[in-house]
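Novice: Can you read through this structure? Questions will come right after.
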Amino acid sequence: MDVDSLKHDVLIIGGGPSGLSTALHLQRIAPHLAPRILILEKARYPRPKLCAGGLVLDAEILLQRLGLDVREVPHVDAKSIKFDFYGRGLNIRVPRKHALRVIRRDEFDNWLAEKTRELGIEIREEVTVKNVFPQTDKVVVETEQETFHAQIVVGADGSNGITRRCIFPNAPVHTARVLEVLTPEYNVIARKRAKPDEASSWRRGDTIPAMNGEIASGKNALRNYGDAYFEFSPVPDNIAGYVWDFPTQLNNKPMRCWGIYDTNLLAGEKRPQLKRPLAEEMARFGIDLNDYEIKGYPIRWFSPQSPMSASRVLLVGDAAGADPLLGEGISMALGYGALAAREISESFQRNEFSFNGYKRRVVRSALGQSLFARWFIAHMIYPLKWRWFQFLLWRMMKPLLILIARVFVLNWGKRMPAL
Ligand SMILES: Cc1cc2nc3c(=O)[nH]c(=O)nc-3n(C[C@H](O)[C@H](O)[C@H](O)COP(=O)(O)OP(=O)(O)OC[C@H]3O[C@@H](n4cnc5c(N)ncnc54)[C@H](O)[C@@H]3O)c2cc1C
């Protein structure tokens, strides 16, 4: 094979939700391009991807518009999402629906890749891109195996992606630190919410009550199996984020997915080791973090200053920037795919590939407005880290928070342009 003759119109680097969504949307709005799309994926499906797998309704809306039913993927539905500070706070429910659908990413991405292939789009697995060189009339993409030439390239290669590093080597990078742990379903969560709120009087650094077995035996059960929890008690200790605890499944066995997210917005301050607040929170429920394997991965988050495109190259998903507030990125990845597909389709119509207007398109879209709102809110609430403020915020300002969440943060999927 002549290694320099491989030419495609659209080369997508990375077969995660953002890359697959770009291809699926392109197939819908510019079907003539579908046979000329190639996705390069460095792993083989079903490939592991560190992620809690929480899908908000916006993700489901975007998938439905593509004619896809995510219920085909094994999942667990959380009835409500709790945003707590020391065990109490906001409760988000969606009338007659689940609040969060939790999938495993190896299964979800494999399913999405199958759907993409069924539409005739080629995905090449186990191809790792090493370099991306935009030129005036094409983009040269070097992989370990061969060299590809494409009209345009979509960088969908995630938070540590090579595309962004090649195109914007000096652009500032904003990343969150994230750790994740899978544990079996634990006893206390099977119980209904218990009445006394003993744990809410517990303060970080106190002797950890769960260690004496009381909480593990269910005496102070505070959690329901069917709920997803975000606990913001690490914020006063300069961890600008939260500990999560989601219901999930592994091979159809009920499990819990725990983790800690830190935007790094308070990186200049003295902080405990990242795993410490996670260990303390898990210990409240009788679980010893040391018994489980901890995995970590960064999340690159959206900033209004970050570049998103260069001539013939555009970025989607984490490569462009996920949600800074909570580190949510699956729905965003799907949304970026919808916007990139429209931009690409119009560029081919005009035969002009500067992608000058791509960032404007993203920022003005419902997705961009939600990302901006989340960026703004993260910069407001995490630096105001004092215990009293966080207490007021999560416990006393519920109506205001729910209003802000409904208007600025959630429900953007419905407002995305129709296909
Ligand atoms: C611990 C953790 C928990 C999270 N929990 C949630 C959650 O509950 N809900 C949520 O919405 N978001 C969550 N996120 C964020 C979410 O995982 C990401 O936002 C999402 O995966 C972004 O999708 P993407 O397609 O942009 O990138 P990815 O999913 O990272 O996909 C990138 C793809 O590119 C491939 N690739 C990378 N480099 C190359 C290369 N050089 N050549 C070829 N292929 C390459 C990778 O193998 C991968 O398949 C979490 C993230 C972490 C780290």
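Novice: What is the log10 of I(q)/I(0) for region 261-305, computed with the Debye formula using one identical point scatterer on each Cα and no solvent, at q = 0.15, 0.18 Å⁻¹?
Specialist: Here the Debye-derived log intensity ratios amount to -0.53, -0.70.
Novice: Could you compute the FRET efficiency for Ala171 and Asp77, with r as their C-beta to C-beta distance and R0 at 41 Å, rounded to 0.05?
Specialist: Taking R0 as 41 Å, the efficiency between Ala171 and Asp77 is 0.60.
Novice: Another question, then. Only Lys, Arg, Asp and Glu count, each charged at its Cβ (+1, +1, -1, -1), so figure out the dipole size of region 236-316 about its Cα centre, rounded to 20 debye.
Specialist: In debye, rounded to 20, region 236-316 gives about 320.
Novice: If you restrict to DSSP beta bridges whose two residues both lie in the chain, what percentage is antiparallel, to the nearest 5?
Specialist: So the antiparallel bridges amount to about 70 percent of the total.
Novice: May I pose another question? For the chain, what is the calculated [θ] at 222 nm in deg cm²/dmol (nearest 500), taking -39500 (n - 2.57) for each run of four or more DSSP H residues and dividing by its residue count?
Specialist: -7500 deg cm²/dmol
Novice: Follow-up question, since we're still on this one. With +1 on each Lys and Arg Cβ and -1 on each Asp and Glu Cβ, how big is the dipole of region 324-419 about its Cα centre, in debye rounded to the nearest 20?
Specialist: 400
Novice: For region 252-312, which GluC sites (Glu not before Pro) are in a loop by DSSP, counting at most 11 other Cβ atoms within 10 Å?
Specialist: Filter output for region 252-312: Glu293.
Novice: What FRET efficiency would be calculated for the residue pair Arg96, Ile402, taking the C-beta separation as r and a Förster radius of 25 Å, to the nearest 0.05?
Specialist: 0.90
Novice: A follow-up question, please. Return the lysines within reach of Lys79: Cα separation strictly under 26 angstrom, same-chain partners fewer than 8 residues apart disregarded; answer none if there are no such residues.
Specialist: Straight-line reach from Lys79, under 26 Å: Lys49, Lys97, Lys192, Lys195, Lys219, Lys253, Lys398, Lys414.
Novice: Which of rounded, prolate, oblate describes region 48-145, given a ≥ b ≥ c as roots of the alpha-carbon gyration tensor eigenvalues and a/c under 1.5 marking rounded, otherwise prolate only if a/b is larger than b/c?
Specialist: prolate
Novice: Which of Pro95, Val141, Ala113 sits farthest toward the positive end of the charge dipole of region 93-165, with +1 on the Cβ of Lys and Arg and -1 on the Cβ of Asp and Glu?
Specialist: The listed residue farthest towards the positive side: Pro95.
Novice: Apply 1/(1 + (r/R0)^6) to the Cβ-Cβ distance of Leu119 and Arg44, taking R0 = 22 Å, and write down the FRET efficiency to the nearest 0.05.
Specialist: According to the calculation, E is roughly 0.65.
Novice: Taking Cα pairs under 8 Å and at least six residues apart, what relative contact order does the chain come out at, in percent?
Specialist: About 22 percent, as a whole number.
Novice: Only counting other Cβ atoms within 10 Å, I'd like Ser303, Ser331, Ser365 sorted with the fewest neighbours first.
Specialist: Listed from fewest to most nearby Cβ atoms, that is Ser303, Ser365, Ser331.
Novice: Could you give the size of the charge dipole of the chain about its Cα centre, using +1 on the Cβ of each K and R and -1 on the Cβ of each D and E, expressed in debye and rounded to the nearest 20?
Specialist: Charge dipole, the chain, about its Cα centre: 1560 debye, nearest 20.
Novice: Relative contact order for region 1-145: what is it in percent, counting Cα pairs under 8 Å that are at least 6 residues apart?
Specialist: Reported as a whole number, the value is 29 percent.
Novice: Now for a different question. To one decimal place, what Kirkwood hydrodynamic radius in Å is obtained for the chain from all pairs of distinct Cα atoms?
Specialist: Kirkwood hydrodynamic radius for the chain: 22.1 Å.
Novice: How much length is gained if the chain between Tyr292 and Asp137 is pulled fully straight, taking 0.36 nm per residue apart and subtracting their Cα-Cα distance, in nm to one decimal?
Specialist: Separation in residues times 0.36 nm, less the Cα-Cα distance, equals 50.7 nm.
Novice: Here is a further query. Where in region 224-255 does the amide nitrogen come within less than 11 Å of the point 7 Å from the Cα of Lys275, taken along Cα to Cβ?
Specialist: Backbone N within reach: none found.
Novice: Please sort through the DSSP H helices of the chain and keep those with an alpha-carbon extent of at least 20 Å along the long axis and a Kyte-Doolittle average not below 0.0.
Specialist: Within the chain the helices that satisfy the rule are 330-350, 366-381.
Novice: Based on other C-beta atoms within 10 Å, arrange Met308, Met255 from fewest to most.
Specialist: So the residues, fewest neighbours to most, are Met255, Met308.
Novice: Given the options Cys166, Tyr86, Met416, identify the residue whose Cα lies farthest towards the positive end of the charge dipole of the chain (+1 on Cβ of Lys, Arg; -1 on Cβ of Asp, Glu).
Specialist: Toward the positive end, the furthest listed residue is Tyr86.
Novice: Quick one: longest stretch of the chain between exposed loop trypsin sites (Lys or Arg not before Pro), exposed meaning at most 12 other C-beta atoms within 10 Å and loop per DSSP?
Specialist: With a cap of 12 other Cβ atoms within 10 Å, the longest stretch comes to 271-419.
Read-outs: derived from the displayed coordinates by stated rules, not from any lab. Only a predicted model underlies this, so the values are computations on that prediction, with no experimental measurement involved. Heads up, the Cβs are rebuilt from the backbone with ideal geometry, glycines too, and the neighbour counts pull from every protein chain shown.
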